[in-house]
C-alpha cells in the first residue's frame with residue numbers, strides 16, 4: 001500500500017509540474033460548471049453534497065445513499081449560441097457502495113466552411129462530450145471515490161479523445177453539518193490528437209474545500225481552493241497591465257502575492273429558510289480578475305441562484321456574471337425516483 005501511495009503522489013507531482021491554465025490545455029469544457037447549484041455558489045465546490053447526483057462531476061467521493069435513484073438534468077445556454085447539457089444519475093447498492101453515471105455534451109453550433117480563397121463551400125459542426133462513471137464507499141466518517149471519464153472532442157473531421165479519472169476523498173462529520181473534500185481532477189492520457197501537428201493536454205487540477213452549517217443558523221458556508229497544483233495563476237496582459245514612467249515609457253505591472261493568493265479562493269453560501277427552498281450566493285476571485293474590463297462593471301465573478309422543491313421534483317436556477325457582455329443562466333431539474341416509485345406502490349396497494 002505504501003508503494004502504491006508513493007507512485008500516485010509522484011505521478012501527481014509530475015502532472016502538477018506540467019499543468020498550465022489560461023487556454024494552454026485541451027478539453028477545457030470539463031471546467032465549465034454543469035449545474036445550477038455549482039454555478040450559484042461560485043462555480044467550484046468539492047464539499048457540498050446533500051442528495052445531489054451532480055456531485056459526481058465535482059467530487060466522486062460525495063455521491064452517497066442520499067442521492068440514490070435521483071436523476072439530474074442540467075442545461076446552460078452558453079455564450080455565442082453554445083449549449084451545455086449535463087445528465088447525472090446515482091444508485092446505491094447496500095453493503096457495496098454508491099455508483100454514479102453521467103453524460104456531458106457541449107454543442108458549439110454550425111460554422112461556415114470556406115475554401116482558401118474565402119468562398120463558402122458548406123458548413124461543419126463542433127462539439128465536446130464526456131461520459132462519466134463513478135464509485136464511492138464510506139468507512140466510518142471518511143468517503144473515498146473515483147470516477148472514470150471517456151472524453152471526446154470533434155471539430156469538422158478532426159477528432160481527439162482521452163481517458164481521465166477523478167480521485168476524491170471526503171470527511172463527513174458524524175454530528176455536525178460539516179464536510180471537507182479533496183479531489184484530483186482529470187488524471188489521464190490522451191488517446192488521439194486532432195492531427196499529427198497538435199498535442200492535446202488534459203486540464204489537471206487539485207481542489208480542496210469545506211462546507212459548514214452552524215446548528216442553529218439557516219446558512220451553509222463554503223470555502224474552496226482551486227488550482228492548488230500551481231500557485232502562480234496570475235496573467236498580466238502586456239498591452240493593458242502596464243503603467244507609464246515620467247518619460248512616457250511603459251512599465252509592466254508586478255504581480256501581487258495577495259491578489260494571486262486570492263485567485264485560488266472561491267466563496268459560496270446557501271441560505272436555507274425552508275427544506276424545500278434555498279438561495280445561493282458565490283464569488284470567484286479568479287474570474288473577477290481575469291474577465292472584468294477596465295471602467296466596466298466589477299460584478300464579474302459573482303453568482304446567485306435559488307432552489308425550490310415540489311414533491312418528487314426539484315428546480316434550481318442560477319445566474320453567473322462573467323464580464324461586461326453579461327452573465328449566463330444555469331437551469332437544473334431533479335427527479336427523485338424514490339418518491340415516484342413509492343407513490344405508484346401506494347396507489348397500487350389502494351387499487352381495488
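Laboratory data are not the source of any read-out in this text; all were calculated from the coordinates shown. This is a predicted model, so every value here is computed, not measured. Neighbour counts run over all protein chains shown; Cβ positions are idealised from the backbone, glycine included.
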* To do: Would you kindly give the portion of the calculated P(r) for the range 125-202 that falls above 20 Å, as a percent of all Cα pairs?
  => 47 percent
* Gain on full stretching of the segment that runs from residue 313 to residue 195 - 0.36 nm per residue minus C-alpha separation -> 38.0 nm
* Relative exposure of 234, 76, 224, judged by other C-beta atoms within 10 Å (fewest first) -> 234, 76, 224
* Asked: What is the fewest-to-most order of 125, 41 by other Cβ atoms lying within 10 Å of their Cβ?
  -> 125, 41
* Asked: Between residue 85 and residue 105, what is the label-to-label distance in nm when each label sits 7 Å out along the Cα-to-Cβ direction?
  -> 0.4 nm
* Sorted by Cβ density within 10 Å, fewest first, the residues 64, 237, 336, 177 -> 237, 177, 336, 64
* Structure fact -> Relative contact order as a percentage, the range 119-182, C-alpha pairs under 8 Å and 6+ apart, gives 27 percent
